[in-house]
Amino acid sequence: QVQLVESGGGLVQAGGSLRLSCAASGSIASINIMGWYRQAPGKQRVLVANILRDGNTRYVDSVKGRFTISRDIAKNTVYLQMNSLKPEDTAVYYCGADLGLSAAWGPGTQVTVSA
C-alpha cells in the first residue's frame, strides 16, 4: 500500500504563489505516476499535472507556464509550485499515485485564491 499526505495549501491573493508538497510512504516502488489533481465545488476532480517514473511531466493547458511539478526522490516527495494564481485555481488539491491496477489518494489540501 501507498500512503500520501499533502501539505502547503492556504489562502493567497490573486497573482500570488503557493507550493504544495505530497509525501509518499509505503510501497513506493509500486508507483508509476504521481500527479496533482484538483476539485472545485460542484465539479469533478481533474488532473492538473503529473510526473512519470522517467521524470517526464504533463500539464493541463490552464496551468501551463504557471505551475511546475517536481519531485525529490530521496524524500519520496512530489511538489507543485503554483505561481500567478488566479481565483479559478481555487479548489481542493489532491495528490494521486498510479499503482498500475489501483490508485492511492491523499486527503487533499484546500487552496483558495482571492480576487
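The figures follow:
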item: Test: residue in the stretch 99-114 that is crowded, with 19+ Cβ neighbours inside 10 Å and in contact with a Pro (Cβ under 6 Å, 6 or more places away or on another chain); result: yes
item: Glu88, sole failed condition from (1) at pLDDT 95 or above; (2) open to solvent by less than 70 Å² (accessible area, probe 1.4 Å); (3) over 13 Å from Leu4 (Cβ atoms); result: (2)
item: Those residues of the stretch 40-82 which are aliphatic (A, V, I, L, M) and closer than 20 Å to Ser17 by Cα, in sequence order; result: Ala40, Leu47, Val48, Ala49, Val60, Val63, Ile69, Val78, Leu80, Met82
item: Pairs where the first residue, in the stretch 88-105, is within 15 Å of Gly9 (Cα to Cα) and the second is open to solvent by 40 Å² or more (accessible area, probe 1.4 Å), C-beta under 6 Å, 6+ apart; result: Thr90/Thr112; Ala91/Gln39; Val92/Gln39; Val92/Gln110; Tyr94/Tyr37; Tyr94/Trp105
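Every residue, every condition in (1) open to solvent by 50 Å² or more (accessible area, probe 1.4 Å); (2) closer than 12 Å to Tyr93 by Cα, yes or no:
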site	(1), (2)
Leu11	yes, no
Leu20	no, yes
Ala24	no, no
Ala29	yes, no
Trp36	no, yes
Gly42	yes, no
Arg45	yes, yes
Ala49	no, yes
Asn76	yes, no
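The values are calculated or read from the model by the stated rules, or taken from the named source; none is laboratory data. On a predicted model such as this, the values are computed, not experimentally measured, just so you know. Every residue, glycine among them, receives a Cβ derived from its backbone with ideal geometry; neighbour counts consider all protein chains shown. With ligands, DNA and RNA removed, areas are computed over all heavy atoms of the protein, side chains included. Shrake-Rupley method; radii C 1.70, N 1.55, O 1.52, S 1.80 Å.
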